[in-house]
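Structure, as structure tokens:
Read-outs throughout are calculated quantities, based only on the coordinates presented, and are distinct from any laboratory measurement. Since this is a predicted model, take the numbers as computed values, not measurements. Every residue, glycine as well, gets a Cβ built from its backbone with ideal geometry; the counts of neighbours run over all protein chains shown.
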Amino acid sequence: MWTEENQAGLGLRGETAPPGNLLLRALPWHDLKLLDRFLHSVPLTQRRVLQHAGFPIEYVYFIEEGLVSALAKADDCDAVEVGLIGRDGIVGNTVILGAQTSTFCYFVQIGGSALRIGVEDLNRVLPELPRLRQALQGYMHLSLVQSAQTAACSLRHPCEQRLASWLLMARDRSDKDQLLITQDLLARSLGVRRPTVSEALKSLQQRGVFVKDRGWIRILDRAGLERIACRCYRTMCRYGDAWKRSTAGRKTIAALSLICTLFEIEAAVQ
């Protein structure tokens with residue numbers, strides 16, 4: 001039986017009000033209507049932890065607005081960002097593989113909103129929604145590629161290039177030129193000290209690619225940022241674009257892209 005909490009559902013989805021999450025928006029209308037009654041809109045407050053590492057996964061979040069970092073613990077005090085999730089993705093997708101606990105900590109970098117569904121309800125509705133299962137599996141693969149590429153990037157590229165790539169990814173996933181982000185959070189995302197981020201921000205601002213004030217950055221020259229960014233950004237964009245274009249060839253693209261990523265990581269550590 002469906003949980004009583006979800007009986008009412010959102011009741012907000014109409015032909016003129018598609019969901020903000022791109023995975024949900026790509027579903028056929030019939031599938032979206034079936035799923036709608038189990039989704040609940042929740043706010044995402046900056047610095048909120050959606051899931052703690054090592055704790056049971058109770059909900060899956062389809063991000064509609066804002067940005068969420070997947071953080072891997074480096075030691076007892078520090079964690080490093082291994083993934084960035086916006087309206088293109090979800091938090092908690094490993095449940096489709098049967099995972100019951102979260103591997104990473106999911107931390108709200110930029111506030112917004114999400115559509116939340118209980119894991120029990122999602123598991124029960126998935127057999128009726130093969131397109132949704134396919135979308136979740138595809139996003140899981142892209143998340144794996146992103147995590148691997150992020151690891152390679154952190155080993156090989158200077159902070160300035162990595163910062164430019166991060167800003168571009170944040171812009172792509174939020175669809176906003178103005179990002180409400182502090183230097184402390186940027187340092188945490190890049191796994192560097194705050195003074196290092198301050199120097200990189202100063203250098204990029206002098207080139208006129210963005211303006212910043214306390215607590216926010218507004219991108220002015222996307223093309224300029226792309227010229228500065230390391231090739232990891234373009235690599236991840238190619239993987240994402242290839243996956244979107246392909247239906248029948250998804251397995252081939254998955255295998256090839258994972259092999260390429262592993263080669264890049266091997267080259268990075270040599």
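Could you please rank Leu71, Leu126, placing first whichever residue has the fewest other Cβ atoms within 10 Å of its Cβ?
Leu126, Leu71
Neighbouring Cβ atoms within 10 Å as the yardstick, rank Ile63, Ile110 fewest first.
Fewest-to-most Cβ neighbours within 10 Å comes out as Ile110, Ile63.
5 Å is the cut-off here: which amide hydrogens, built 1.01 Å from N in the peptide plane, fall below it relative to Tyr59, excluding neighbours closer than 5 in sequence?
Under 5 Å from the amide H of Tyr59: Val119.
Please turn the phi angles of region 159-165 into ³J(HN,Hα) values with the Karplus equation 6.51 cos²θ - 1.76 cosθ + 1.60 (θ = phi - 60°), one per residue in order, whole Hz, x for glycine and proline.
Each residue of region 159-165 in turn: 4, 4, 5, 5, 5, 4, 5 Hz.
Please compute the modelled spin-label separation between Met140 and Val49, points set 7 Å along Cα→Cβ, answer in nm with one decimal.
2.5
Working out 0.36 nm times the residue gap between Lys33 and Glu120, then minus their Cα-Cα distance, what length gain in nm do you get to one decimal?
29.5 nm
For Arg25 and Arg194, what is the calculated FRET efficiency with R₀ set at 25 Å and r taken between the beta-carbons, to the nearest 0.05?
0.10
List Ser41, Ser174, Ser154 from most exposed to least, where exposure is judged by having the fewest other Cβ atoms within 10 Å.
If I rank by nearby Cβ atoms, fewest first, I get Ser41, Ser154, Ser174.
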